[in-house]
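K.L.:
Please read through the structure below; I'll follow up with questions.
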Amino acid sequence: MFPPLPDHELREALLALAGLPDESPALPAQLSTIVRLSAEVVDPVDFASITVLAGERHHTHASSSEVAVAVDLAQYAEDAGPCLLALHSGETVGVPDVAGAVVWPGFRDVAWRNGVRASLSIPLFAGSGVPVAGLNLYSRDAAHMRLLIQRVQSCYHAGSPQVLPRMDAGSEQLLAGLAGALHSRDLVQRALGVLMERDDVPVGSAYRSLVEATEAGAPLTDTATVILCQYAS
């Protein structure tokens, strides 16, 4: 048995991100917090970073180490790698064995030289449900990282019947935060569907209406919950 979670800061940071409007001025600081906490409390993770797209260029918004930045830069140079794939596909990308990542030679070589033996890139999204960043988790221990990759991927594919072992307290925080964020995304998307049908508008207009109806500083999920309750009544 693992001990109870010492706190829920990482989980709460991921949940807060999912409730922010995409254009919120609080978003950059929230991403930085997630990087810091991921490196500090998730046992399999030695280095962490956040990849974002600014215009047509990718860059590392925040990192816990120069090692993470170096591995990120190798991917930007080739315009290919797990962090870019996660950001643009909206799917988690696990690399349980860096040495076998032959499709990304730049990533593979720089990661290996820096002692990275496994990685996991996770798409992160804010209120609209579209990925706003990719969280990159790098590990020196491939065996230690393998279960985290499996557990995170099971969060993003909830229909999977596979039951996997519990992990350390920090990993469980990460997993709880991701699961909660996915639930929040589903809640907002259902509310957007109601607004689209009620007002006969496209999804972009429905999203703007949701943001405008939300008080400054409040999560979009609160407004989405009210809309869904009104629709059900």
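K.L.:
When you look at D109, is it in contact with a Lys or Arg (Cβ under 8 Å, 6 or more places away or on another chain) and charged (D, E, K, R), yes or no? First the steps, then the outcome.
P.N.:
On the way: in contact with a Lys or Arg (Cβ under 8 Å, 6 or more places away or on another chain): no; charged (D, E, K, R): yes.
Taking the combined requirement at face value, the residue does not satisfy it.
K.L.:
Among what's in the stretch 45-83 and is in a helix (DSSP H, G or I) and in contact (Cβ under 8 Å) with a residue 60 or more places away in the chain, pick the residue that is most open to solvent (accessible area, probe 1.4 Å). Show your work before the answer.
P.N.:
Within the stretch 45-83, the first condition is being in a helix (DSSP H, G or I), and the residues that meet it are 66-78, 82-83.
Restricting the remaining residues to those that are in contact (Cβ under 8 Å) with a residue 60 or more places away in the chain gives 67-68, 71-72.
Values: V67: 29, A68: 0, V71: 0, D72: 0 Å².
Per the stated criteria, the residue is V67.
K.L.:
If I filter the stretch 89-122 down to residues being surrounded by fewer than 24 Cβ atoms within 10 Å (Cβ to Cβ) and in contact with a Leu (Cβ under 6 Å, 6 or more places away or on another chain), which single residue comes out as nearest to Y207 (Cα to Cα)?
P.N.:
Among them, the one singled out is V93.
K.L.:
Does P165 meet the test of being touching a Leu at 6+ places or on another chain (Cβ under 7 Å), open to solvent by 10 Å² or more (accessible area, probe 1.4 Å) and either basic (K, R) or over 30 Å from T214 (Cβ atoms) (or both)?
P.N.:
For P165, the condition - touching a Leu at 6+ places or on another chain (Cβ under 7 Å), open to solvent by 10 Å² or more (accessible area, probe 1.4 Å) and either basic (K, R) or over 30 Å from T214 (Cβ atoms) (or both) - is met.
K.L.:
Only one of these is touching a Ser or Thr at 6+ places or on another chain (Cβ under 9 Å) and touching a residue at least 60 places away in the same chain (Cβ under 8 Å): L210, L195. Name it. Quick ask: steps written out before the conclusion?
P.N.:
Values: L195 fails: touching a residue at least 60 places away in the same chain (Cβ under 8 Å).
Testing whether each residue is touching a Ser or Thr at 6+ places or on another chain (Cβ under 9 Å) and touching a residue at least 60 places away in the same chain (Cβ under 8 Å) leaves just L210.
K.L.:
Against the conditions (1) surrounded by fewer than 18 Cβ atoms within 10 Å (Cβ to Cβ); (2) over 30 Å from A99 (Cβ atoms); (3) basic (K, R); (4) modelled with pLDDT of 95 or more, where does R198 fall short? Just the number, please.
P.N.:
The failed condition is (4).
K.L.:
Looking only at the stretch 17-43, filter to residues that are in contact with a helix residue (DSSP H, G or I) (Cβ under 9 Å, 6 or more places away or on another chain) and outside any helix (DSSP H, G or I); which one of those is surrounded by the most Cβ atoms within 10 Å (Cβ to Cβ)?
P.N.:
V42
K.L.:
Check the stretch 127-138 and report whether any residue there is hydroxyl-bearing (S, T, Y), buried (at least 16 other Cβ atoms within 10 Å of the Cβ), in contact with an Asp or Glu (Cβ under 9 Å, 6 or more places away or on another chain) and closer than 19 Å to E91 by Cα. Please lay out each step first, then the result.
P.N.:
Looking only at the stretch 127-138, we keep the residues that are hydroxyl-bearing (S, T, Y), and these are 128, 138.
Applying the additional criterion that residues be buried (at least 16 other Cβ atoms within 10 Å of the Cβ) yields 128, 138.
From the residues that got through so far, the ones that are in contact with an Asp or Glu (Cβ under 9 Å, 6 or more places away or on another chain) too are 128, 138.
Narrowing the set further to residues that are closer than 19 Å to E91 by Cα leaves 128, 138.
Within the stretch 127-138, one or more residues are hydroxyl-bearing (S, T, Y), buried (at least 16 other Cβ atoms within 10 Å of the Cβ), in contact with an Asp or Glu (Cβ under 9 Å, 6 or more places away or on another chain) and closer than 19 Å to E91 by Cα.
K.L.:
Let me ask another. Has the stretch 124-146 got any residue that is free of Cβ contacts under 8 Å to residues at least 12 places away in the same chain and aliphatic (A, V, I, L, M)?
P.N.:
So the first thing to find is which residues in the stretch 124-146 are free of Cβ contacts under 8 Å to residues at least 12 places away in the same chain, and the list is 143.
Now restrict to residues that are aliphatic (A, V, I, L, M): 143.
Within the stretch 124-146, one or more residues are free of Cβ contacts under 8 Å to residues at least 12 places away in the same chain and aliphatic (A, V, I, L, M).
K.L.:
Quick check on A86: is it touching a Gly at 6+ places or on another chain (Cβ under 8 Å) and surrounded by fewer than 21 Cβ atoms within 10 Å (Cβ to Cβ)?
P.N.:
no
K.L.:
Would you confirm, using the coordinates I've provided, whether E172 is charged (D, E, K, R), open to solvent by 30 Å² or more (accessible area, probe 1.4 Å) and either more than 17 Å from A18 (Cβ to Cβ) or without any contact (Cβ under 8 Å) to a residue 40 or more places away in the chain (or both)? Spell out how you get there, then give the answer.
P.N.:
Working: charged (D, E, K, R): yes; open to solvent by 30 Å² or more (accessible area, probe 1.4 Å): no; either more than 17 Å from A18 (Cβ to Cβ) or without any contact (Cβ under 8 Å) to a residue 40 or more places away in the chain (or both): yes.
Here the answer is no, as E172 does not meet what is asked.
Each row is one residue, and each column tells you yes or no for (1) among the hydrophobic types (A, V, I, L, M, F, W, C); (2) at pLDDT below 95.
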site	(1), (2)
L135	yes, no
A142	yes, no
M145	yes, no
Y156	no, yes
G159	no, yes
Q162	no, yes
P165	no, yes
G177	no, no
L182	yes, no
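K.L.:
Given the options A218, A179, name the one that is open to solvent by less than 60 Å² (accessible area, probe 1.4 Å), in a helix (DSSP H, G or I) and either aliphatic (A, V, I, L, M) or touching a Cys at 6+ places or on another chain (Cβ under 9 Å) (or both). Lay out the reasoning, then the answer.
P.N.:
Details: A218 fails: in a helix (DSSP H, G or I).
On inspection, the qualifying residue turns out to be A179.
The values are calculated or read from the model by the stated rules, or taken from the named source; none is laboratory data. Bear in mind the structure is a predicted one, so any value in this text is a computation, not a measurement. Every residue, glycine as well, gets a Cβ built from its backbone with ideal geometry; the counts of neighbours run over all protein chains shown. These accessible areas exclude ligands, DNA and RNA; they are computed on the full protein's heavy atoms, side chains included. Shrake-Rupley method; radii C 1.70, N 1.55, O 1.52, S 1.80 Å.
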